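So the structure is just underneath, and the comments pick up after that.
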Amino acid sequence: MPLDLAALRRRPDFEAPNLVAVDATDRLLLDEATATLSALGSGHLAVIGDHYGALTLGAASAHGLTGIRVFQDPLVSELALDANAAEVGLEGTYAHHSLDGALVDGARAILLQLPRSLAALDEIAGLIARHAHPEVVVYAGGRLKHMTTAMNDVLREHFEVLYAGLARQKSRVLTASEPVDPPVESPWPRSQRHDDLGLAVAAFGATFAGAKIDIGTRALLDVLPEALPSADVIVDLGCGSGVLAVTAALRRPEARVIASDQSASAVASARATAELNGVADRVMVVRDDALSSQAEGSCDLVLLNPPFHVDAAVEPGIALKLFEAAARVLRPGGELWTVYNSHLKHRDTLESVVGQTRQVARNPKFTVTASVRR
Ligand SMILES: C[S@@+](CC[C@H](N)C(=O)[O-])C[C@H]1O[C@@H](n2cnc3c(N)ncnc32)[C@H](O)[C@@H]1O
């Protein structure tokens, strides 16, 4: 019996009646790729960016495919795929991979949920062009509101043939084939020196702000010397490229620093940034959902630049989840230093979730607060 996609769930990601586990893009991708998938032998499909498992499990169930190689940047997406696969008995049909050559090596078909950023798309498209079978067909789908013609341009840099399908339920699939001969070496991670900060930043495509330094991050860096100078254990929660963690390690040679993010790209970038600045031995980088692997009361200082501009329906929930995580891992008297857009009303939440919260800096764009764990 074919898999009922509607039965798939998002957990451990947020679940709510207005949040779906399977979107119109998943369904359109599976439909547009049907002929290719039904003629494909096992071991020749790679799935990239599967939100909660619809593409992987849909392809496995409808076409009897196994040996599907899957890359999902957020850890919660991996966990949701595993939970859904267990629920429907398709655990053995796929394997998780990093975003590297082995993911797409010799693959003849790729199902791709388009990433939001062009840099991420460039990294993925270049990887496929370098490693997949020369006759690979890439089905890249997205929501119309998130798609731009610049995405077509990025795909055209890596593939000779690009075809835009008809939109359906506000989604569209781009089909790319005939990889352009790419350079043998990957241009990722990209790096940039920031002499004013005495720091070099390395970043893979999907990492927040790339190798640049976000202005919110800068606001937190400006006041970093004031943040609990006695701290022995410092956690950079949602570390992205590792700017905060690596700066802390450079400026506080005695401290132990943990950089943590649920994004595979961010974690790889933070490791590369730590190496670039010679502090890889003092920055422990962990891929983790909201510090779940860190013990309660185990650290003195948490630095946090929480995500914004994500799906408006889940944004307040993500910030709250990260505040709760910080409160859990901080020892009493430890501090959470947070930077956020000044229009956001985080201060009351910080006060109730963590403890007494003071404003450290504020300009029309950003506010930095320090919350003392009660
Ligand atoms: C605004 S970015 C900040 C990145 C970096 N600290 C900086 O200032 O450049 C927020 C980061 O939080 C991460 N993030 C979001 N949800 C998370 C979660 N549940 N657990 C860990 N990290 C998370 C994102 O992947 C992203 O890298």
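The values are calculated or read from the model by the stated rules, or taken from the named source; none is laboratory data. Quick caveat, the model's predicted, so the values are computed rather than measured. FYI the Cβ positions are ideal-geometry reconstructions off the backbone, even for glycines, and counts take in every protein chain you see. Accessible surface is based on the protein model in full, side chains and every heavy atom, while ligands, DNA and RNA are left aside. Shrake-Rupley method; radii C 1.70, N 1.55, O 1.52, S 1.80 Å.
Computed quantities for the displayed model
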item	result
Loop-resident sites, the range 156-203, for GluC sites (Glu not before Pro), counting at most 11 other Cβ within 10 Å (DSSP)	Glu185
Average projected area [Cα convex hull, the chain], square nanometres	18.6
Charge dipole (debye, nearest 20) of the chain; +1 at Cβ of Lys and Arg, -1 at Cβ of Asp and Glu	960
Cα centroid separation, the range 60-94 to the range 109-169 (Å)	22
For the range 1-39 versus the range 288-305, the gap between their alpha-carbon centres in whole angstrom	33
Amide H within-cut-off set for Val286, under 5 Å, with H built and near neighbours excluded	Ala259, Ser260, Asp261
Cα convex hull volume per residue for the range 5-179 (Å³)	102
Low-density loop cleavage sites - GluC sites (Glu not before Pro) in the range 224-275, where at most 14 other Cβ are within 10 Å (DSSP)	Glu254
Accessible area, probe 1.4 Å, largest first, for residues Trp337, Trp188	Trp188, Trp337
Heavy-atom accessible surface of the chain: percent carbon and sulfur, 1.4 Å	53
Size descriptor, Kirkwood hydrodynamic radius, that averages inverse alpha-carbon separations across the range 190-372, Å	16.0
Straight-distance crosslink candidates among lysines, where the alpha carbon sits under 29 Å from Lys345 and sequence neighbours closer than 8 are dropped	Lys145, Lys212, Lys321, Lys365
